[in-house]
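Worksheet for the structure shown next.
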Amino acid sequence: MSALSAFVVLGWVIVKSLARTVVEIVRAILRFIADPLGQRRGWRWLAMQIGMSVWVRGFFTYSVVRDLYAGTPAVYVNYLDYDVAAHAFGPESRRAIRTLRRVDRAIHQIWRVMRRVPEHQYDLYVLADHGQAASRPYRELTAGRRLDILDALAPLDADTVNQWVPGLAEELSRSVGVGFVLARSAEGPVCFRAGKRYQLSESDPGPFGGRPDAAAVVDGITDLMSMPSAGDLVIYGIDAPQGHVSFIPEQGAHAGPSPEEMPTFILDPATVTLPPRLSHPVQLYDHFIRYRTAS
């Protein structure tokens, strides 16, 4: 792409983004007129949507297109808009789905540019790193009360925590908005659910035993609780009696082992062969490193 062409494309991105900004502002005004009370907090999200879903996505796509025309060996882009919208309004909300369609169009634009430069022999991969579960904010269930638990300088195991505050983990697991509580032990991760203690292992997934992905759930929990930075008690709102609950004010959540979050995907070219039985992102490193050595 010549300097003049790059300047023209950049100008087009700016004009298009300005037009989309106007459209989003008009939509927000109409929503406010229709429901003034319901849209009181909508202006902050409008600013985020315009910033992330209009301007950032537009410039991300422009940067990728510029690099593709230049023959850059490897190009990577992370579109954040859907994640932001799904957290704010729920993963299946109209705003989140609208944002997802815009991401699809951006990927389609990148694919079209790749077809125009076949001499660079690009392969296109589309990956999702996690799913997202519809959730309720914890503060809606507790009138704004927070969970306050002990703190220490070094990681503690479940037995030590129990010595400090007997029955704390069991009681927390029975609390409103709590699905289960995790802790460490010498034998591996411990899970407390509805007041009952489970020693998790490959052969005994405890309360996750009825799930087809139970082995992957236990593996993920084992990785988490082996980290020194993980909490002494890790509290999840997933599968709480009140439904999925998030401890921050959001309508969509992830970073847990709920069935909605665990599935992911990778779309790869028909001409390549991925490692078999993919279960962890680290398995893809060698595959993508080969592109660098091949160039």
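Numerical summary
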item	result
Residues within the stretch 266-284 that are part of a loop (DSSP other than H, G, I, E, B) and under 21 Å from residue 216 (Cα atoms), tallied	7
Residue check for residue 256: in a loop (DSSP other than H, G, I, E, B), buried (at least 16 other Cβ atoms within 10 Å of the Cβ) and on the phi < 0 side of the Ramachandran plot	yes
Helices (runs of 4 or more DSSP H) contained entirely in the stretch 57-142, each with at least 3 residues that are over 22 Å from the mean Cα position of the chain (by Cα)	57-70, 94-116, 138-142
Qualifying residue in the stretch 49-59 (condition: in contact (Cβ under 8 Å) with a residue 60 or more places away in the chain and buried (at least 18 other Cβ atoms within 10 Å of the Cβ))	no
Close pairs from the stretch 179-204: first touching a residue at least 60 places away in the same chain (Cβ under 8 Å) and in the same structural domain as residue 235 (by TED's automatic domain parsing), partner in a strand (DSSP E or B) and of a type outside the set (D, E, K, R), Cβ under 7 Å, at least 6 apart	179/236; 179/240
All strands (runs of 3 or more DSSP E) inside the stretch 143-199 with 1 or more residues being touching a Cys at 6+ places or on another chain (Cβ under 8 Å)	180-183, 196-199
Total residues in the stretch 75-101, condition of a type in the set (Phe, Trp, Tyr) and free of Cβ contacts under 8 Å to residues at least 24 places away in the same chain	2
Count - residues of the stretch 96-126 that are surrounded by 19 or more Cβ atoms within 10 Å (Cβ to Cβ) and either farther than 30 Å from residue 273 by Cα or out of contact with any helix residue (DSSP H, G or I) (no Cβ under 7 Å at 6 or more places or on another chain) (or both)	2
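Residues are listed down the side, and each one gets a yes or a no for (1) modelled with pLDDT under 95; (2) closer than 19 Å to residue 170 by Cα:
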| position | (1), (2) |
| --- | --- |
| 210 | yes, no |
| 213 | yes, no |
| 219 | yes, no |
| 227 | yes, no |
| 235 | no, yes |
| 239 | yes, yes |
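The values are calculated or read from the model by the stated rules, or taken from the named source; none is laboratory data. Predicted model, so just to flag it, every value in this text is computed and none were measured. Note that each Cβ is placed from the backbone with ideal geometry, even for glycine, and that neighbours are counted across all protein chains shown.
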